[in-house]
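Undergrad: Once you've had a glance at the structure underneath, I'll fire off some questions.
The values are calculated or read from the model by the stated rules, or taken from the named source; none is laboratory data. Keep in mind that this is a model prediction, so the values were computed, not measured. Cβ coordinates were reconstructed from backbone atoms using ideal geometry, including for glycine residues, and neighbour counts include every protein chain displayed.
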Amino acid sequence: MATISIVVEGPVYITMQPCSPTAPLGGGFGVARLKEDSPVPFETTIDNEHRIIMYIEPTTQGGKPAPVDGDPIWTQEAGTSCTIEELDPPDPNRRYATADAALVGDSLFQCIADADLGEGVVHLVQTWLVHVENPMAASMGGGFGEPELKPSA
């Protein structure tokens, strides 16, 4: 039996065709996973005047909405340029990443939910990486000052 190794970065989707008379050997793939089973983070950049909503939308393998067992657990894993905050009103599947007004840098957030609706625990994990920058000028601004007398010559 041959082993095939594929190195990837990011999500992987593999589609198999059923065995046919022209390809009688058949075969299959296991679940595609990233090396070391680490989740790929969602990544965005905001400036330190903003905040952004992070959210989860659990789905089945077929892409349909799926419940999770209990409330997801949200944590800040690294960084100080953002803090994690609840929405008002609270929503267990959504949190704010709020930029600190004085700091720039990266912050890493994680959400863990239990996919198994029974007594067992099957963790689903998602991460978010938020880069915080200083704000750029958004408009030139300007105008006129008050009229003044010219200096005498």
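Undergrad: Within the range 113-130, identify whether any single residue is small (G, A, S) and loosely packed, with under 12 Cβ neighbours inside 10 Å, and answer yes or no. Before you say what the answer is, go through the steps one by one.
TA: So in the range 113-130, the residues small (G, A, S) come out as 113, 115, 118, 120.
Next cut, loosely packed, with under 12 Cβ neighbours inside 10 Å only: 118, 120.
Within the range 113-130, one or more residues are small (G, A, S) and loosely packed, with under 12 Cβ neighbours inside 10 Å.
Undergrad: Scanning the range 80-104 for residues that are surrounded by 16 or more Cβ atoms within 10 Å (Cβ to Cβ) and not polar (S, T, N, Q), which turns out farthest from T60 (Cα to Cα)?
TA: The qualifying residue farthest from T60 (Cα to Cα) is A99.
Undergrad: Pick from L124, L108, L149: which is more than 21 Å from H50 (Cα to Cα) and touching a residue at least 60 places away in the same chain (Cβ under 8 Å)?
TA: Within the list L124, L108, L149, the selection yields L124.
Undergrad: Select from the range 63-79 the residues that are of a type in the set (G, A, S) and more than 23 Å from T45 (Cα to Cα) and write down the one among them that is surrounded by the most Cβ atoms within 10 Å (Cβ to Cβ).
TA: Across the range 63-79, the extreme among qualifying residues is A66.
Undergrad: Still on this structure, please answer the following. Output the number of residues of the range 107-133 satisfying the condition of being at pLDDT 95 or above and over 13 Å from the mean Cα position of the chain (by Cα).
TA: The total comes to 2.
Undergrad: Follow-up. Please give the number of the condition T60 fails out of (1) surrounded by 11 or more Cβ atoms within 10 Å (Cβ to Cβ); (2) modelled with pLDDT of 50 or more.
TA: Tallying (1) surrounded by 11 or more Cβ atoms within 10 Å (Cβ to Cβ); (2) modelled with pLDDT of 50 or more, T60 fails exactly one: (1).
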